[in-house]
1. Using 7 Å Cα-to-Cβ label points, what is the residue 274/residue 154 separation (nm, one decimal)?
2. May I have the convex hull volume per residue, in Å³, for the Cα set of the stretch 83-226?
3. Can you sort 282, 190, 143 so the residue with the fewest Cβ neighbours within 10 Å comes first?
4. Quick one: 289, 199, fewest Cβ neighbours within 10 Å first, how do they rank?
5. With every atom except the alpha carbons ignored, what do you get for Rg and Dmax of the stretch 168-320, in angstroms?
6. For the chain, take the longest principal axis of its alpha carbons; what is the angle in degrees between that and the long axis of helix 183-192, to the nearest 10 within 0 to 90?
7. Could you give the spread of the C-alpha atoms of the stretch 48-161 along their three principal axes, from largest to smallest, in whole angstroms?
8. Suppose each label sits 7 Å from its Cα in the direction of the beta carbon; what would the residue 309-residue 176 distance come out to in nanometres?
């Protein structure tokens with residue numbers, strides 16, 4: 001995901017006469033590296049704990065001993081390594097898809113900031129870059145916005161495929177939570193003929209494998225980032241396609257999301273919606289909104305709007321007994 005900085009740029013194109021020769025941009029290096037390493041640790045530990053860090057935390061709180069954590073890591077370290085490599089590959093490709101496009105167009109941008117989160121079943125909240133979005137014109141914003149999801153999918157789709165191929169849903173279903181399948185993974189399950197799969201199947205903690213979880217996370221983050229809202233990747237794409245009409249699309253998406261969560265009693269992304277509302281649902285103007293996209297970008301943009309439908313499972317997780 002990329003995020004425009006709060007710096008304001010004037011609308012007059014003459015103020016961007018030095019766009020092709022911008023001043024040197026000093027990027028922070030230490031913090032992105034530290035966050036990346038922490039995310040490596042976070043995803044490794046979650047994978048080695050079989051995607052149930054809460055269970056390990058509960059055991060520790062009862063025994064006040066780190067022995068269960070050590071035993072789990074020693075027993076399943078290979079799962080942790082595979083999961084860490086696979087999920088970080090997807091995130092790296094996604095964020096550096098954005099980053100390399102900002103380098104190509106000489107748009108000031110930060111290195112990716114990875115977000116570790118060891119207290120959830122996936123070990124991360126993804127990653128972001130910050131950029132001076134108003135320094136880019138319409139075509140450049142389109143390319144920067146769409147490059148991340150497309151690059152991430154290059155890894156996420158085959159990883160998800162191989163992860164589905166390793167599933168066996170006839171094995172005992174245990175755990176406090178299960179992963180719901182997005183439409184694309186449902187198609188994979190039908191084609192591969194995953195043992196025990198029927199429409200509406202979920203995958204419980206005891207049935208998971210590293211590639212499945214990494215692919216699921218990659219598709220989830222890609223689908224979420226392609227929602228047509230504000231500074232999300234999908235917001236960049238819809239604004240460059242439809243101009244200010246994208247504002248109505250963004251607001252409608254927020255309303256539908258709130259209504260959906262309320263109806264199903266599933267406030268999974270309530271915090272994110274609050275953050276999006278605080279940041280603003282409307283996409284700001286680019287340096288030059290009059291730049292033409294061309295038929296290839298238009299076609300690619302329209303097709304990319306299906307990504308949330310294919311990659312994002314609306315209810316995300318199923319809690320045992322729910």
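The numbers here are math on the coordinates, done by the rules we state, and not lab data. Note that the structure is predicted; figures quoted are calculated from it, not measured. Virtual Cβ from ideal backbone geometry, glycine too; neighbours counted across all protein chains shown.
1. 3.8
2. Working: hull volume 15.4 nm³, N = 144.
Dividing the Cα hull volume of the stretch 83-226 by its residue count gives 107 Å³.
3. Ordered from fewest to most neighbouring Cβ atoms within 10 Å, 282, 190, 143 come out as 190, 282, 143.
4. Listing 289, 199 from fewest to most nearby Cβ atoms yields 199, 289.
5. 17.9, 58
6. 50
7. Largest to smallest, the principal-axis extents are 57, 29, 15 Å.
8. 3.7
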